[in-house]
Amino acid sequence: MPVDGKKVWKGRFSEKSAYEVDVFNSSISFDHILYQEDIAGSIAHAKMLGKQGIISNEDTQGIVEGLTTILEEIKSGQLSFDVQAEDIHMFIESTLTNRIGEAGKRLHTGRSRNDQVALDLRLYVKNQMSEIKAQLHQFEEVIIEQAEQHLHTIMPGYTHLQIAQPVTFAHHLLAYGQMIARDIKRLNEVIEHTDVMPLGNGALAGTTYPLDRQFVAEQLGFKAVTANSLDGVSDRDFVMDATYALSMVMMHLSRLSEETILWCTQEFQFVELADAFATGSSIMPQKKNPDVAELVRGKTGRVYGNLQTLLTMMKGIPLAYNKDMQEDKEALFDSVRTVTIALSAMTPMIQTMTVKKERMRQAASKGFINATDCADYLTKKGVPFREAYEVIGSLVKTCVEEGITLEEVSLETYQSLHPSFEIDIYEAIDLDQCVMKRMIEGGPAPEAVKKQIIRLKEQLK
Ligand code: ARG
């Protein structure tokens, strides 16, 4: 843990900090993952200091070369993080100074760790949200691929988990396609909110040095610079925007997971997972468990929890920086890690699962799934819908008592219930017809679903 001799701020103190304080205070065990962002930020800052004549060109060159070497060495594993350093920022600065001397000591001119860490985090969020977006695109492609193969695969649609009306598996999967498309859009918005550069805010009140903030922003690929120094160092809205967007991704993945788990049961048997994406039991030889889906569902809770952590952490702190804010990192990093791993396991799981068309169709033939269509038949013949609804309601009751389906009711019985029934009632309640006729925009008919896919693909471009 930190040795006092290494602390840059030791001048103000006459006694060493307690060992327990050093342990408690240190963040390098988790913030070391920001090393690339930290080095990129420092290189941009050093170049700007040189350009503005605040440090010499020679010093700038020494700093840039030194940092570039440190970056390469960390990447290759040649240089490892010193657990005694307070955080990643101090580690990189002290490593640089140990190597290049005087010039290294000039790097932090006009900068504070407060604006430095805000910058690093913004760079991290922008990078990670882009990575996750790419993963979501892949997932979306898998959903579309599966859907294209099941435009005609009829399955029951549910409300209250009770059989309601027939849909197709393509249509059902593409509901998730819509959710994922919204997730991608949400991540784009997060990136947009995050795309503001905080360096130049100093500790809280800016700086007297003639820094060129626009230059730094351009170097690092930011669209704008922050407008208020107090806000610039203490704003973590973008961290919460990101963890909220990630919570939404997990919520969607969790719902699909729950359905996959149901579909894999003996009772449903709608899909079978590939062996590579299922697990066995240590005692029950027959088991094939959907662990991936269960873990995605289970891990959703921690991602929600991280958002709660951040909101609670921020709600009572006065302006500007407070050490509480060091707690933002583990929550954010954990959410990023969890979503990344969840998507990487779930994408191939959905891609490789086998869809059992016959079972789906069989399930759709039960439960009076065509009762609405039966009522619609009468309505189209001029019977008011409420009256038609009542007729079919009592017919279903009789069928349940007699253990028969609507297809098995005789024409005489139909006609005794209402004179408008004719022989074409059987076509109207045919399962395929029930789906085919729902051609309305956004509906499950294969023609409508094809249009849905075209629109989705266009949206993703
Ligand atoms: N490790 C700190 C954090 O993550 C860096 C900022 C420290 N600033 C300070 N004034 N102590 O928040």
Anchor LYS133: aspartates and glutamates whose Cα lies under 12 Å away (excluding residues fewer than 8 positions away in-chain): ASP183, GLU189
Label point distance in nm, GLN78-GLU441, each placed 7 Å from Cα along Cα→Cβ: 6.1 nm
Could you tally the net charge around LEU136, taking each other residue with its Cβ under 12 Å from the Cβ of LEU136, Lys/Arg +1 and Asp/Glu -1? 0
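Please tell me which of these pairs span more than 20 angstrom C-alpha to C-alpha: LYS223/LYS461; LYS6/LYS329; LYS10/LYS105? Please list the in-between numbers first.
Values: LYS223/LYS461 22 Å; LYS6/LYS329 24 Å; LYS10/LYS105 15 Å.
Listed pairs above 20 Å: LYS223/LYS461; LYS6/LYS329.
Per 0.36 nm of contour for each residue apart, how much would the distance between THR279 and GLU330 grow if the chain were fully extended, relative to their Cα-Cα spacing?
On the way: separation 51, 0.36 × 51 = 18.36 nm, distance 3.01 nm.
Full extension from THR279 to GLU330 adds 15.3 nm.
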Pairs over 29 Å Cα to Cα, from LYS47/LYS75; LYS51/LYS185; LYS185/LYS315, come to LYS51/LYS185
Below 21 Å, Cα to Cα, which lysines can LYS437 reach? Residues fewer than 8 away in the same chain don't count. LYS357, LYS366, LYS380, LYS381, LYS450, LYS451
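Show me 59-68, 200-209, 262-271 ranked by packing, highest mean number of other Cβ atoms within 10 Å first. It would help to have the intermediate numbers written out before the result.
Values: 59-68: 19.8, 200-209: 17.6, 262-271: 15.9.
Answer by packing, highest mean first, reads 59-68, 200-209, 262-271.
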Applying the gyration tensor rule to the Cα atoms of segment 322-373 (axes a ≥ b ≥ c; rounded if a/c under 1.5, else prolate if a/b exceeds b/c, else oblate), the class is oblate
Length added when fully stretched, LYS357-ASP195, from 0.36 nm per residue minus Cα-Cα: 53.6 nm
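In whole percent, and with a 1.4 Å probe on the protein chains, what portion of the accessible area of the chain is carbon and sulfur?
Details: 11950 of 22670 Å².
Looking at the chain in its full context, I get 53 percent from C and S.
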Between VAL225 and VAL21, how high is the FRET efficiency from 1/(1 + (r/R0)^6) when r is the Cβ-Cβ distance and R₀ = 51 Å? Nearest 0.05. 0.90
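Between ARG12 and LYS323, what is the FRET efficiency for a Förster distance of 22 Å, r being their Cβ-Cβ separation, to the nearest 0.05? Each step should come with its number before you reach the end.
Numbers: r = 17 Å, r/R0 = 0.75.
Given R0 = 22 Å and the Cβ-Cβ separation, E is 0.85.
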Please state the relative contact order of segment 1-146 as a whole percent: Cα pairs under 8 Å, 6+ residues apart? 29 percent
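Counting alpha carbon pairs within less than 8 Å and at least 6 residues apart, what relative contact order, in whole percent, applies to segment 314-406? Kindly include the intermediate steps, with their values, before the conclusion.
Numbers: 26 pairs, mean separation 17.6, N = 93.
Relative contact order here is 19 percent.
Just add up the charged neighbours of GLU259: K/R +1, D/E -1, any other residue whose Cβ is under 13 Å from the Cβ of GLU259.
Working: positive: ARG255, ARG297; negative: GLU258, GLU294.
Charge balance near GLU259 sits at 0.
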Over the chain, give the accessible area per residue in Å² for a 1.4 Å probe, as an integer. 49 Å²
Just in segment 358-460: which GluC sites (Glu not before Pro) are loop by DSSP and have at most 15 other Cβ atoms within 10 Å? GLU422, GLU441
How tilted is helix 371-380 with respect to the longest principal axis of the chain? Cα atoms for both, answer in degrees (0 to 90, nearest 10). 70 degrees
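I want the local charge near ILE350. Using Cβ-Cβ distances under 12 Å, sum +1 for each Lys or Arg and -1 for each Asp or Glu among the other residues. Don't jump to the answer; show the numbers that get you there.
Details: positive: none; negative: GLU140, GLU141, GLU145, GLU259.
Its environment carries a net charge of -4.
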Take every DSSP beta bridge with both residues inside the chain and express the antiparallel ones as a percent of the total, to the nearest 5. 80 percent
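The values are calculated or read from the model by the stated rules, or taken from the named source; none is laboratory data. In this text, all values refer to a predicted model and were calculated from it rather than measured experimentally. As a convention, Cβ positions derive from the backbone with ideal geometry for all residues, glycine included, and neighbour counts pool all protein chains shown. Please note that ligands, DNA and RNA were not included when accessible areas were found on the heavy atoms of the full protein model with its side chains. Shrake-Rupley method; radii C 1.70, N 1.55, O 1.52, S 1.80 Å.
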